[in-house]
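The values are calculated or read from the model by the stated rules, or taken from the named source; none is laboratory data. These numbers were taken from a predicted model, which means no experiment stands behind them. Don't worry about glycine lacking a Cβ; one is built from the backbone with ideal geometry, like all the others, and counts go over all protein chains shown.
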């Protein structure tokens, strides 16, 4: 029986949330993959599934302790708390590393995803015809998504709500990057860069007592956008988790095979040797509010094995694979 009240257990959940949150921010990397590899994916899905009519009855009747227990509140609070904290801390470090050491960061991610495929496949069991077909379909969808052309930015609030639902898929569907989906929908910079920066600016001003910031129509616009996006994300988390909770119980092997396919297909998105193609309108780069150019897609190419940075990248791929294998070994040792 796990000691779910020990400090180390709680800290481990928070750190897992940190890892998932950092992964969710990076286009091409799925937080769901992290949760799968770290061994808390099914508990995450079934905990979100507990946010149902019974939970709301407990909440609105004032039975807060019963509500907290019903939804597995301690687990969700630590995982989601770590994920949110990561979004404003570790993910900023990842942004810096991607800007200055892009090849090596993508190589590390590429290696971890290869390790994740092995991690998921080794204990799969018997591959039936249905599971093989599911694997192929999952891989085909993953590959297909990586070659789609991104749309243009759209700040219509209904579309932003849909972006929240779709964007959170990276947390609930391993192999499907919510951030990359937002790039395809044209709203990655609007929702995960500009709106977040404006939110931090507004909160910083409110903390020091400057309430005049709320008189700025542009700031209010971004607050509405981030609020609607958050609402869509919460709705997506709960609704998608209900569907996944059902299919995981009824068709677990098919779901796992499809997830392995998704993750395999996502290797094309995180291929380390690629060059960003930036969005241009009328021969001018489109930039975010912070001045950064907006990525439209990637041109991928084969590495030059005569270059030192290629071999350093291969080292980081091996390091990523080894990290996942070590996590697997450490988990088995604890059992």
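Below are the figures for this structure:
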quantity	calculated
Residues located in segment 180-189, provided they are modelled with pLDDT of 75 or more and part of a helix (DSSP H, G or I)	181, 182, 188
So residue 117, is it in contact with a helix residue (DSSP H, G or I) (Cβ under 7 Å, 6 or more places away or on another chain), touching a residue at least 60 places away in the same chain (Cβ under 8 Å), assigned to a helix (DSSP H, G or I) and over 30 Å from residue 301 (Cα atoms)	no
Segment 33-74, residues that are more than 30 Å from residue 270 (Cα to Cα) and in a loop (DSSP other than H, G, I, E, B)	50, 51, 52, 61, 62, 63, 71, 72
Residue in segment 81-96 that is under 20 Å from residue 258 (Cα atoms) and assigned to a helix (DSSP H, G or I) present	no
Matching entry among 59, 93 (being at pLDDT 85 or above and over 12 Å from the mean Cα position of the chain (by Cα))	59
Qualifying residue in segment 304-321 (condition: buried (at least 17 other Cβ atoms within 10 Å of the Cβ) and modelled with pLDDT under 75)	no
Checklist (1) buried (at least 21 other Cβ atoms within 10 Å of the Cβ); (2) at pLDDT 90 or above applied to residue 231, failing item	(1)
Selected residue (criterion: modelled with the lowest pLDDT) from residues of segment 127-166 that are buried (at least 16 other Cβ atoms within 10 Å of the Cβ) and in a loop (DSSP other than H, G, I, E, B)	150
Meets criteria (over 25 Å from residue 79 (Cα atoms), modelled with pLDDT under 85 and part of a helix (DSSP H, G or I)) for residue 213	yes
Any hit, segment 270-277, residues being in contact with a helix residue (DSSP H, G or I) (Cβ under 8 Å, 6 or more places away or on another chain) and assigned to a helix (DSSP H, G or I)	no
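Listed here are the residues, each with its yes/no results for (1) under 30 Å from residue 302 (Cα atoms); (2) free of Cβ contacts under 8 Å to residues at least 60 places away in the same chain.
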| residue | (1), (2) |
| --- | --- |
| 207 | no, yes |
| 217 | no, yes |
| 222 | no, yes |
| 227 | no, yes |
| 237 | no, no |
| 251 | no, yes |
| 263 | yes, no |
| 267 | yes, no |
| 277 | yes, yes |
